[in-house]
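No value in this document is a laboratory result; all are computed from the given coordinates. Because the structure is a prediction, the values reported are computed rather than measured. Virtual Cβ from ideal backbone geometry, glycine too; neighbours counted across all protein chains shown.
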Amino acid sequence: MLSDQKKNDLSCQAIDSTGITHFQQTLDRHGITLLRDKTTTLQINIGLRCNQTCRHCHLDASPGRGEMMTRETMNQVIELARYGHFETVDITGGAPELHADLGDLIKSVSPCASKTILRSNLTALSRELNHLMDILKE
Ligand code: SF4
């Protein structure tokens with residue numbers, strides 16, 4: 001297994017070979033310094049399965065993808081939401097509607113933040129409309 005430093009070195013070499021300017025060099029040229037601030041949004045990707053197969057999908061989500069968040073991981077994320085003091089919880093996928101535990105997740109995390117976002121392509125939401133709409137109304 002490669003160390004993080006080795007991965008970083010390989011990544012830099014790959015960028016060098018393209019002739020693309022390093023991100024840090026671009027920041028330096030514009031006199032920009034990035035500073036870590038408070039984390040206000042907890043974005044939760046609960047799986048890569050999707051009912052669509054969009055060519056532009058940056059996650060390569062599709063009906064054939066099997067990677068879905070386990071219940072154990074979801075419970076850990078819910079704990080993080082409870083104690084993380086986030087302003088926003090943002091649930092995404094894939095199509096999050098295809099995860100069997102989406103309703104439970106929404107019920108658990110929505111009281112933890114003032115805003116909850118459920119990212120949907122709408123075509124997947126229609127399959128579960130009644131069940132999820134009742135939960136989302138709450
Ligand atoms: S609907 Fe969204 S998540 Fe699904 S394949 Fe298209 S871009 Fe990816």
For this session: Among 38, 115, 107, determine the one that fluctuates most according to a GNM of the chain built with springs between C-alpha atoms less than 10 Å apart.
Result: 38
Exercise. Can you sort 133, 74 by how many other beta carbons sit within 10 Å, fewest first?
Worked result: 133, 74
For this session: Quick one: work out the % antiparallel among DSSP beta bridges in the chain, nearest 5.
Result: 10 percent
Problem set entry | Computed magnitude of the charge dipole of the range 36-137 (debye, nearest 20; Cβ of K, R +1, Cβ of D, E -1) | 180 debye
For this session: May I ask you to list, by number, the DSSP H helices of the chain whose Cα span along the axis is at least 15 Å and whose average Kyte-Doolittle hydropathy reaches -1.0 or more?
Result: 71-83
For this session: Could you bin all the Cα-Cα distances of the range 36-137 into 5 Å bins starting at 0 and give me the percent of pairs in each, rounded to whole numbers?
Result: 3, 13, 24, 23, 19, 13, 5, 1, 0
For this session: Taking the Cα centre of the range 1-86 as origin, work out the dipole magnitude from +1 charges on Lys and Arg Cβ and -1 charges on Asp and Glu Cβ, in debye rounded to 20.
Result: 240 debye
For this session: Using just the helices of the chain, give the 222 nm mean residue ellipticity in deg cm²/dmol: DSSP H runs with n ≥ 4 each add -39,500 (n - 2.57), and the total is spread over all residues, rounded to 500.
Result: -11000 deg cm²/dmol
For this session: Over the range 36-137, calculate the relative contact order: mean separation of alpha carbon pairs under 8 Å at least 6 apart, over the residue count, as a percent.
Result: 31 percent
